[in-house]
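A short worksheet on the structure shown next.
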C-alpha cells in the first residue's frame, strides 16, 4: 500500500469507457440474434413465405416506407395479422420473463430464483382456471376474462406471500420464499381440483398451464404493454442498486441503500412484469430461470448490462422455441412451455458441465 | 503519534450509554465513546467483548436497548441511509461479495451514496475510485475478479471501496486480520494518513501492540463495558492487560518509541 497524505483525484484509468464498450458489443450481438430469429419466425408456418417478402410486408406497415411486393394477398394477412402478433407476443413474453427473472435473482441473491417464486404462476393458473370454468368465459367480452383473472390471481398470490412473510418494516428472503411456496401449493391444489372435476370445460386449463401463443392478438399486446414497460422501467432505474444488493443486505445498507424499500419496489415491479407475461401467454417455465442465469455466465453480473441483455436473449429464446413449437409436429402445435423445457434443460445441463455454474459466490 | 490538528468541535461519532441486547443477552452495557476528526481510535478487547456489535450499532444496523449514538450531532436512526453512507464508511471483518465481481466494480460501488437514482458515474466518480485503489495498492489487481484474490488483497479492495465513499468517519473491524506483519503496518499507516486528512477513524483491533503503536486513543471493551479508555500508554498497561487477558502476557516498552508492547509471558518452554 502506498501512502499519501492528500488524495488527489486523477483522471481514471479509462474504467468508464471500458464499461461502456463492454456493454455495446454484447448488446449489438444479442440484438442481431433477435433480428435473425424474428425473421425466421415470420417465414415459418403452414405457408412457406420467403424471408424477403415477409420482411417487406412488415416494413410496409411502418410510416414512410413502401416496398413493392408481388405475392398473394393472403400472404400479407398471414404475415401481418397472424405471424407478426404471435412473434411480438413471444418476444415480449420472453423478454418479460427473463427480465423479471434477473430482477428476482438479484433481489434474492440466488441463481435458483425465478419469476414464479412468489406465486405468480400458480396464482395466475388459478385465476385462469376460474375464468375458464365459470360462466364468464362464454360471455361476450372481447379481451377475454382469462388474462384478466390470471393477472388478478398472480397479483393476489404475490401480495399474500409478501403479507405473510413481512414482519414490521422488513421481510426476510427465507420467509418470502417459504410463503411463496406455501401460497403456490394451495393455488396449485385448487387448480388441480378444478381441472379434475371440471370435465371437458376445464380442458383449456391445460393449455394455459403449458403456455401458448396461439391466442396472441394485437389487443392483448396493447393492453399488456403499459404494465410491462412500467415495471421494466422501474427495474431499470434500480439496476445500480441491484449491483449493490449483490454484496449483502448489511453492506448494501452501509452503502446507502434503503434495503427494505428497494426490495418492495423491485419485487413489486418484477412481479407486475411476470404477471402480465403469464396473463398474456400462460405459464411458460424455464425462461425466467435459465435465460438470466446463462446471460450472467456469459456476460457477467453487472445488472446495468445484464438486464437488457437478458431481455434480448429471452425474447430470442422464446421466439425460437415458438417456431419449433409450431413446426416440429406440423400441422399439430406443441405447447411452447414443453418446448422451452425440452430445449432449455439439456442446454443448461451442458453449460453446467462445460462452464461451472457460477456468477454468484 | 498524537494528532497535530485541534480536535473538531462536534464529535463525528458520539456514543452515550449505548446498551444493546441481542436475543435477550446484553452485548453492550452503557458504552460511552467519542471519535473526532483527525484521530484514530482503537476499540480493544477479547473475543465476544462487543466490538463488532458496537460498529454495527454505529451505522444504525442494531436496535439500541438504551443510550444514544449520534453522527455529527444527529441521532443515527434519524439519518437517511444515503446521507449516513456519505458520512460513514464501514469495512466489515469478512464481507461477502460475488466471486465474479471485479475489484474495480466493487470499489465503484463505494460511489453509490453519492449517486442519484437516475445518475451514472461521472468522470469524477471514476477518478475517486481510481484514487482509492491507488492509495490502497489495489491497482495491480483492479481488473481481477474477487475470487482470485488473496486474503490480504481482498481486504485492501474492501478498504478501497470504503475510501471511495469519501467518508468523514471510517469504521473498520479487524482490518489487520489475514495480513502479514508488513501489510498490517501499511494498513495502519494508511489509517494514520487518513486521519491527517481529517477523517475520524474507529478501528476494532485484537492486536494490542499494533493498536498502541498507531492509535491516538484506545478504549478497552470487556463484556460490553468500557473498562479503560485514554492514551494507549494509559490503557495498555500490565495492570489492565492482566486483568483482561490473565497473567500469561506481559507489557514491555518498545525499545525505540517506548510504546507498550504486549508479548506472551514465557515462563518455561517444553524443550527447555
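The single condition from (1) under 30 Å from residue B:26 (Cα atoms); (2) more than 7 Å from every other protein chain (Cβ to nearest Cβ); (3) in contact (Cβ under 8 Å) with a residue 60 or more places away in the chain that residue B:83 fails is (3). Checked against (1) touching a strand residue (DSSP E or B) at 6+ places or on another chain (Cβ under 7 Å); (2) closer than 18 Å to residue A:100 by Cα, residue A:165 passes all but a single condition, namely (2). Being within 29 Å of the chain's Cα centre (by Cα) and surrounded by 12 or more Cβ atoms within 10 Å (Cβ to Cβ) is a description that does not apply to residue A:53. Of the numbered criteria (1) closer than 19 Å to residue A:255 by Cβ; (2) in contact with a helix residue (DSSP H, G or I) (Cβ under 7 Å, 6 or more places away or on another chain); (3) away from every other protein chain (no Cβ under 11 Å), the one residue B:52 fails is (2).
Would you check if there is a residue in region B:191-199 being away from chain A (no Cβ under 12 Å), crowded, with 24+ Cβ neighbours inside 10 Å and modelled with pLDDT of 95 or more? Give the derivation first.
Step one: list which residues in region B:191-199 are away from chain A (no Cβ under 12 Å), which gives none.
No, the conditions are met nowhere in region B:191-199.
Which condition number does residue B:228 fail, the rest of (1) surrounded by 16 or more Cβ atoms within 10 Å (Cβ to Cβ); (2) more than 20 Å from residue B:14 (Cα to Cα); (3) modelled with pLDDT under 95 being met? Failing condition for residue B:228: (2). Among the residues of region B:242-261, at least one is surrounded by 19 or more Cβ atoms within 10 Å (Cβ to Cβ) and over 22 Å from residue B:54 (Cβ atoms). The set of residues in region B:139-160 being closer than 30 Å to residue B:76 by Cβ and either touching a residue at least 60 places away in the same chain (Cβ under 8 Å) or more than 9 Å from chain A (Cβ to nearest Cβ) (or both) consists of B:146, B:154, B:155, B:157, B:158, B:159, B:160.
Check region B:219-233 and report whether any residue there is outside any helix (DSSP H, G or I) and under 27 Å from residue B:146 (Cα atoms). No: region B:219-233 contains no residue that is outside any helix (DSSP H, G or I) and under 27 Å from residue B:146 (Cα atoms). You will find that of B:89, B:58, B:123, the residue that is within 11 Å of chain A (Cβ to nearest Cβ) and out of contact with any strand residue (DSSP E or B) (no Cβ under 9 Å at 6 or more places or on another chain) is B:123 and no other. Look at (1) within 20 Å of the chain's Cα centre (by Cα); (2) in contact (Cβ under 8 Å) with a residue 12 or more places away in the chain; (3) outside any loop (DSSP other than H, G, I, E, B); (4) surrounded by 15 or more Cβ atoms within 10 Å (Cβ to Cβ) and you find that residue B:32 fails only one, number (4). All of (1) at pLDDT below 95; (2) facing chain A (nearest Cβ under 7 Å); (3) more than 26 Å from residue A:299 (Cα to Cα) hold for residue B:94 with one exception: (2).
Which of the residues belonging to region A:160-178 are touching a residue at least 40 places away in the same chain (Cβ under 8 Å), surrounded by fewer than 22 Cβ atoms within 10 Å (Cβ to Cβ) and more than 14 Å from residue A:259 (Cβ to Cβ)? Hits for region A:160-178 are A:160, A:177. Take the conditions touching a residue at least 24 places away in the same chain (Cβ under 8 Å), at the interface with chain A (Cβ under 10 Å from one of its Cβ atoms), closer than 27 Å to residue A:297 by Cα and buried (at least 22 other Cβ atoms within 10 Å of the Cβ) and apply them to residue B:110. Does it pass? Considered against the rule, which asks whether it is touching a residue at least 24 places away in the same chain (Cβ under 8 Å), at the interface with chain A (Cβ under 10 Å from one of its Cβ atoms), closer than 27 Å to residue A:297 by Cα and buried (at least 22 other Cβ atoms within 10 Å of the Cβ), residue B:110 comes out as yes.
Taking the conditions (1) crowded, with 20+ Cβ neighbours inside 10 Å; (2) under 23 Å from residue B:81 (Cα atoms); (3) at the interface with chain A (Cβ under 7 Å from one of its Cβ atoms) in turn, residue B:136 satisfies each one other than (2).
Would a scan of region B:61-77 turn up a residue that is out of contact with any helix residue (DSSP H, G or I) (no Cβ under 7 Å at 6 or more places or on another chain), surrounded by fewer than 19 Cβ atoms within 10 Å (Cβ to Cβ), more than 21 Å from residue B:227 (Cβ to Cβ) and at the interface with another protein chain (Cβ under 8 Å from one of its Cβ atoms)? No, there is no match, as no residue in region B:61-77 is out of contact with any helix residue (DSSP H, G or I) (no Cβ under 7 Å at 6 or more places or on another chain), surrounded by fewer than 19 Cβ atoms within 10 Å (Cβ to Cβ), more than 21 Å from residue B:227 (Cβ to Cβ) and at the interface with another protein chain (Cβ under 8 Å from one of its Cβ atoms). A single entry from A:34, A:40, A:15, A:29 fulfils the requirement of being buried (at least 18 other Cβ atoms within 10 Å of the Cβ) and at pLDDT 85 or above: A:34. Residues being in contact with a helix residue (DSSP H, G or I) (Cβ under 7 Å, 6 or more places away or on another chain) and under 15 Å from residue B:13 (Cβ atoms): count how many of those fall in region B:163-176. Adding up the residues that qualify gives 6.
Within region A:145-159, identify whether any single residue is touching a residue at least 24 places away in the same chain (Cβ under 8 Å), surrounded by 15 or more Cβ atoms within 10 Å (Cβ to Cβ) and in contact with a strand residue (DSSP E or B) (Cβ under 8 Å, 6 or more places away or on another chain), and answer yes or no. For region A:145-159, residues touching a residue at least 24 places away in the same chain (Cβ under 8 Å), surrounded by 15 or more Cβ atoms within 10 Å (Cβ to Cβ) and in contact with a strand residue (DSSP E or B) (Cβ under 8 Å, 6 or more places away or on another chain): absent. Being more than 19 Å from the chain's Cα centre (by Cα) and part of a helix (DSSP H, G or I): is that true of residue A:59 here? Yes: the conditions hold for residue A:59.
Report yes if some residue within region B:141-152 is within 18 Å of the chain's Cα centre (by Cα) and within 22 Å of residue B:210 (Cβ to Cβ); otherwise report no. Yes, the conditions are met somewhere in region B:141-152. Is it fair to say residue A:328 is farther than 21 Å from residue A:29 by Cα, away from chain B (no Cβ under 14 Å) and free of Cβ contacts under 8 Å to residues at least 24 places away in the same chain? So residue A:328 passes the test. Set side by side, the residues A:296, A:261, A:304 differ, and just one is within 10 Å of chain B (Cβ to nearest Cβ), surrounded by fewer than 21 Cβ atoms within 10 Å (Cβ to Cβ), part of a helix (DSSP H, G or I) and touching a residue at least 24 places away in the same chain (Cβ under 8 Å), which is A:304.
The values are calculated or read from the model by the stated rules, or taken from the named source; none is laboratory data. In this text the structure is predicted, and so the values were computed from the model without any measurement. We place every Cβ from the backbone using ideal geometry, glycine too, and count neighbours over all the protein chains shown.
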